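Report on one structure; see the data block that follows.
The values are calculated or read from the model by the stated rules, or taken from the named source; none is laboratory data. Everything numeric here is computed off the predicted structure, so don't read it as measured data. Here Cβ is always computed from backbone atoms with ideal geometry, including for glycine, and neighbour counts include all displayed protein chains. Note: accessible area is taken over every heavy atom of the protein model, side chains too, but ligands, DNA and RNA are not part of it. Shrake-Rupley method; radii C 1.70, N 1.55, O 1.52, S 1.80 Å.
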Amino acid sequence: MKNISDVREKCFGCTACYSACPTNAIEMCENEEGFLFPTVNAEKCISCGKCKQTCPAYIIVKEREINFYAFINQDENVLLNSTSGGFFSAAIEIYKPDFVCGAILDDNLVVRHVVTNSEDIIDKMKGSKYVQSILEDSFVNIQDKLLKGYKVLASGTSCQVQGLLNFLKNGNIPTENLLTIDLICHGVPSPKMFKDYLNNYIENTDNAIVFYKSRSKKYGWGSKLGVLNYLQTIEMSNSKVDNTSMSANLWQNAFFSDYAIRECCYSCPFCSPHKPSDITMGDFWGVENILPQVDYQKGCSLVICHSAKGRDLINGLSVIKLDEKQYNDAISKQSRLVKPIEKPKDRKQFWEDYKKMGFKGIAQKYFRFTLLNKFLMKLYIVLVNIGSFRIANKIARKIFY
C-alpha cells in the first residue's frame, strides 16, 4: 500500500503525513480513545507515497554521538516555575530564535502546539504537559518560517520531532536555522480522558477551572519526594487553589497506570538515549547520588546532546558534563531511555469499561479513587507538612501508582 492507511496502531499522531500530502487527502480524526489518527480520502489520494516517506513509524532510529549534562537555571524565578531545572528557558535565551514551536495549555485547557514569537505564549510552553498535544498545521508553519530565513526552536516528543524532520527533509527545506529539543517521554495520554478528568473535578467541586499545572514544586523537587514531584495544581473560579485533594491529583494515577497511553507508546522505538533531536531534556532523577555536590532541591535537568548544533548551544550554558560511568548511572534511573512502558494486560477491558462507566466509574475501579484513599490523601498531606516523610511515603504507595 502506497499511502498511510496501514500504519494503524504504530501511528504516533505526529501529523507528518497530514502535512506532507500534496492533495489534502489526509484528515486527522479522533478515535474512540481520544487520539488523532490519519484517515485517507481514497478519491483524493494519488498514491505518491509522500505520507509514508514522512511517517516516523517507518524510520529506524540511528545511533549518534551523545554527551550528558546536568543543568540548573541560575534564575531563581525560572527555576521555581520550571518542572525540573529550567533548561528550556535557558535554551531559548541562548539560541535567540525568531519563533518557538511548543505545547501550551490553551484557554480551553486543551494541550496544543503553536508556532509563535509572543513572549507571553512562549511562557506557556514551559513546564510539562502530560497529555498528547494537538499539532494541527505546526509543521507547515515551521516550514514557512524556515523558508523565510527565520531561526526556529521546535520542541516536542521524539516522535513529533522525527515527524517534523522527515517532513522538512522530504520537502528539501533547509534546516540550518532549526534547533530541535525533545524530552524523555513516558508515553502520551488521551486528550479525551484528560478533558473528562477536568470535567470530573468540576462536577465534584461545582467550580469552573481557570488554571491547571501538571506538576508543583510546593514541596521541592527530587527522587526522595516521590509522588510529591507530581502534585497537580488546579485554580478554580472562586480563586481557591487545590493541589492536595485526591480529585485534583487523579491525573497522576491516570498517567502512571499506563491505561490511558497511546497504543504506539508500548512499542516506542525512541526509548533510547539516541534521539532524533539536537538536544533531549528531562528530570535528572538520581542526581543526588551521581553528583552529590550539586544543590538540586529546587530542580535539576538531565540534558543529552546529539548534534554539533546542540553542543554549540550547551557551550553557552553553565553545565556539568558527565563522564561515561555517570551517564550510565543516569540512564539507569531513566526507564524510558532503556525500554518502552509495558502494555497493561487488561488494557482492552479498561477501555470497554471506560465506554460503559465513564471517567467517574473507571476512576473508582482503576485509579484508586475511593473514600478510603480520599481520607488517606488528607492524612498524607498532613504528614508531609509536619515532615514525616517516611510514614507519608508508605501511605502514598497505597494511593498512587
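The fraction of all Cα pairs in region 325-401 landing in successive 5 Å bins from 0 to the largest distance is 3, 13, 14, 12, 14, 16, 16, 8, 3, 0, 0, given as whole percents. In the context of the full set of protein chains, region 79-222 has a per residue accessible area of 41 Å² (1.4 Å probe).
For Phe369, the amide hydrogen comes within under 5 Å of the amide hydrogens of Gln364, counting only partners 5 or more places away or on other chains and with H modelled in the peptide plane. Over the chain, dividing the summed -39,500 (n - 2.57) contributions of all DSSP H runs of at least 4 residues by the number of residues returns a 222 nm mean residue ellipticity of -10000 deg cm²/dmol.
Provide Asp196, Asp312 ordered by accessible surface of protein heavy atoms (probe 1.4 Å), highest first.
Working: Asp196 40, Asp312 110 Å².
Result, largest first: Asp312, Asp196.
Computed from backbone phi, the HN-Hα couplings of region 95-104 come to 6, 6, x, 6, 9, 10, 10, x, 8, 10 Hz, rounded to whole numbers (Karplus: 6.51 cos²θ - 1.76 cosθ + 1.60, θ = phi - 60°; Gly and Pro given as x). Think of each Lys and Arg Cβ as +1 and each Asp and Glu Cβ as -1; about the Cα centre, that makes the dipole of region 305-378 roughly 500 debye. Summarised in one figure, the compactness ratio Rg/Rh of region 148-231, Cα atoms and Kirkwood Rh, is 1.12. Couplings for region 268-278, taken from phi via the Karplus curve 6.51 cos²θ - 1.76 cosθ + 1.60 with θ = phi - 60°, read 4, x, 9, 7, 7, x, 8, 10, x, 7, 6 Hz in order; Gly and Pro are left as x. In this structure, the pairs whose alpha-carbon distance is over 22 Å, taken from Lys195/Lys356; Lys195/Lys360; Lys10/Lys213; Lys348/Lys378; Lys124/Lys218, are Lys10/Lys213; Lys348/Lys378.
If the convex hull of the alpha-carbon atoms of region 1-119 is projected onto planes in all directions, what is the mean projected area in square nanometres?
Numbers: hull surface 44.3 nm².
Average projection, Cα convex hull of region 1-119: 11.1 nm².
Both numbers refer to the Cα atoms of the chain; Rg and Dmax are 21.0, 66 Å. The value of relative contact order for region 344-401, using C-alpha pairs under 8 Å at least six residues apart, is 26 percent.
Calculate what fraction, in whole %, of the accessible area of the chain sits on carbon and sulfur atoms when a 1.4 Å probe is rolled over the protein chains.
49 percent
Contact order, relative form, for the chain: 19 percent (alpha carbon pairs under 8 Å, 6 or more residues apart, mean separation divided by residue count). Put a plus charge on the Cβ of each Lys and Arg, a minus charge on the Cβ of each Asp and Glu, and nothing anywhere else: the dipole of the chain about its Cα centre is then about 1100 debye.
Note on region 236-318: Cα Rg divided by 2.2 N^0.38 Å, N the number of residues, gives 1.53.
What relative contact order, as a whole-number percentage, does region 125-197 give when Cα pairs under 8 Å and 6 or more residues apart are counted?
Working: 62 pairs, mean separation 30.0, N = 73.
Relative contact order, region 125-197: 41 percent.
Can you give the percent of C-alpha pairs in region 327-370 whose distance is more than 13 Å? Please list the in-between numbers first.
Details: 614 of 946 pairs.
Roughly 65 percent, rounded to a whole number.
Put simply, the amide H of Thr175, placed in the peptide plane, has no neighbours under 5 Å, leaving out anything fewer than 5 places away on its chain. For the chain, the antiparallel share of DSSP beta bridges with both residues in that region comes to about 70%.
For Lys394, Lys224, give me the order by solvent-accessible area with a 1.4 Å probe, most accessible first, ignoring ligands, DNA and RNA. Mind showing how you got there, number by number?
Numbers: Lys394 105, Lys224 135 Å².
Order by accessible area, largest first: Lys224, Lys394.
Other residues lying with their Cβ under 14 Å from the Cβ of Pro174 contribute a combined charge of +3, Lys and Arg counting +1, Asp and Glu -1.
Applied to region 310-321, the Karplus parametrisation 6.51 cos²θ - 1.76 cosθ + 1.60 on θ = phi - 60° returns per-residue 3J(HN,Hα) values of x, 5, 4, 5, 4, 4, x, 10, 8, 10, 10, 7 Hz, with x for Gly and Pro.
At 1.4 Å probe radius, can you tell me the per residue accessible area of region 254-401 in Å²? Walk me through the numbers on the way to the answer.
Numbers: 7290 Å² over 148 residues.
For region 254-401, the per-residue accessible area is 49 Å².
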